[in-house]
1. What does a probe at Arg332 reach in region 29-71, counting residues whose amide N is under 18 Å from the point 7 Å along Cα→Cβ?
2. Would you list, by chain and number, the lysines whose Cα falls below 30 Å from the Cα of Lys56, excluding same-chain residues fewer than 8 positions away?
3. Leaving ligands, DNA and RNA out of it, report the carbon-plus-sulfur percent of the accessible area of region 1-55 at a 1.4 Å probe.
4. Set the Förster distance to 41 Å, then compute FRET efficiency between Ala16 and Glu157 from the Cβ-Cβ distance, nearest 0.05.
5. In vacuum, with every alpha carbon of region 31-154 counted as one equal point scatterer, what does the Debye formula give for log10 I(q)/I(0) at q = 0.10, 0.11, 0.21 Å⁻¹? Two decimals, please.
6. Per residue, how many Å² of accessible area does the chain show with a 1.4 Å probe?
7. For Arg114 and His27, what is the calculated FRET efficiency with R₀ set at 45 Å and r taken between the beta-carbons, to the nearest 0.05?
8. Roll a 1.4 angstrom probe over the protein heavy atoms and tell me the percent of accessible area of region 168-302 that is carbon or sulfur.
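The values are calculated or read from the model by the stated rules, or taken from the named source; none is laboratory data. Since the model is a prediction, treat every value here as computed from it, not as a measurement. A quick note on method: Cβ atoms are made from the backbone with ideal geometry, for glycine too, and the neighbour counts reach across all protein chains shown. In case anyone asks, the SASA skips ligands and DNA or RNA and just uses the protein heavy atoms, side chains included. Shrake-Rupley method; radii C 1.70, N 1.55, O 1.52, S 1.80 Å.
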Amino acid sequence: MQTSFTETQLADPATARSNEILRSCVHCGFCTATCPTYMVLGDELDSPRGRIYLIKEMLESGRAPDARTVQHIDRCLGCLSCMTTCPSGVHYAHLLDHARDHIERNHRRRWDDRLLRWLLARLLPYPRRFRAALLGARIARPFRRALPDPRLRAMLEMAPPHLPRPSANDRPQVFAAQGPRRQRVALLIGCAQRALNTDINDATIRLLTRHGCEVVIPRGVGCCGALSLHMGRSDDGRALAAANIRALAAEITGEGLDAVVINTSGCGTTVKDYGHMFAGGPLEADAAQVAALARDVTEVMADLGLSGAAHAEPLRVAYHAACSLQHGQQIRAAPKDLLRAAGFEVVEPRDPHLCCGSAGTYNLLQPAIAGQLKSRKVATLEATAPQVICAGNLGCMMQIGSGTGVPVVHTVELLDWATGGPRPPSLAAP
């Protein structure tokens with residue numbers, strides 16, 4: 001694709017990077033075949049190719065983004081299926097991040113949209129605030145149908161009927177390895193996950209320590225910044241990311257780390273990109289080091305090898321591949337291989353590459369499109385006749401779980417159970 005940025009525009013590193021990405025696109029259109037929003041809406045401007053044209057025009061013009069461009073960029077899930085499909089290696093993720101940031105800095109949204117995004121940015125990354133908000137949402141939930149804004153209704157519907165008690169395992173501490181220590185790893189404990197589902201971190205710690213890992217919960221770790229970055233709030237996202245980098249860098253230079261383990265794949269995609277985010281700045285070296293150590297929990301377990309897997313029932317498990325895992329991190333085989341090694345029968349739905357509609361805050365900001373994608377995903381998962389559905393991302397678990405009666409658990413919960421841990425609480429006793 002030909003571009004016409006000025007020398008002044010190209011002096012900005014973000015614009016220079018976007019120019020490289022735009023020039024790598026050859027308009028082939030392969031991306032349209034795997035784009036969930038194009039499948040649902042059928043509009044070329046709601047495909048990656050269409051959005052690339054809009055982003056090019058927006059950035060080259062230097063003008064404030066118009067409402068049409070903003071609408072089509074906002075409708076993008078950021079699922080990155082297009083990057084898996086693209087034969088030219090177009091790094092759409094970096095282009096989308098730049099576009100979202102540009103929109104937030106140069107476009108004046110409606111007051112209700114601004115308020116909603118501000119609330120999400122001030123609540124979701126902070127577990128205590130988010131927990132308090134969820135408790136309030138439970139009280140308001142019976143009245144949700146009276147709300148005129150479907151986004152507010154979606155927020156209330158997301159609130160679970162019961163919240164787990166905060167887990168003591170999420171506090172800064174060190175969990176000793178069982179037997180000889182094979183690795184020393186830091187666990188990124190996340191943000192929303194600590195309020196919505198404490199079983200995931202607990203199971204991860206048990207699984208890793210059982211396989212010889214000393215697990216560190218560093219002081220100062222929290223939200224990776226992804227939720228803010230996906231809304232174009234780059235300053236907020238970078239501040240959260242910087243706090244994590246400093247906390248993890250202190251552990252690396254202290255007793256050292258073999259890996260930074262992540263059990264929410266959306267976070268993994270972001271942390272692995274820290275090197276790019278902080279390139280040219282004072283945190284560049286530390287950010288690159290953290291990014292190089294970042295690994296999904298299934299990557300770590302694939303290297304360690306699953307041992308003692310003889311405790312769980314041989315259930316039929318429908319595996320949902322989170323977009324941030326299969327497209328963002330290109331991790332496809334490890335979760336399924338581990339589940340099979342644990343003694344489970346693993347089945348996959350039709351069109352496993354398509355998004356479930358969660359996508360960070362997408363199901364809250366674009367509930368209509370997210371709802372269509374959820375219905376499709378649930379139907380394809382249920383068609384496999386599973387006894388349980390598993391995924392490696394909390395957002396997917398919440399999204400799919402709200403549309404099915406089949407239990408939905410995290411991959412690590414099943415692996416923990418199979419190797420001697422407790423039965424996942426969401427699985428009814430036989």
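1. Label zone hits: 30-36.
2. Lys272
3. Numbers: 1440 of 2630 Å².
Accessible surface attributable to carbon and sulfur in region 1-55 totals 55 percent.
4. After rounding, the FRET efficiency stands at 0.45.
5. Values, matching the q order: -0.42, -0.50, -1.18.
6. Ligands and nucleic acids excluded, the result is 42 Å² per residue.
7. Between Arg114 and His27 the formula returns 0.80.
8. Exposed carbon and sulfur together represent 48 percent of the surface.
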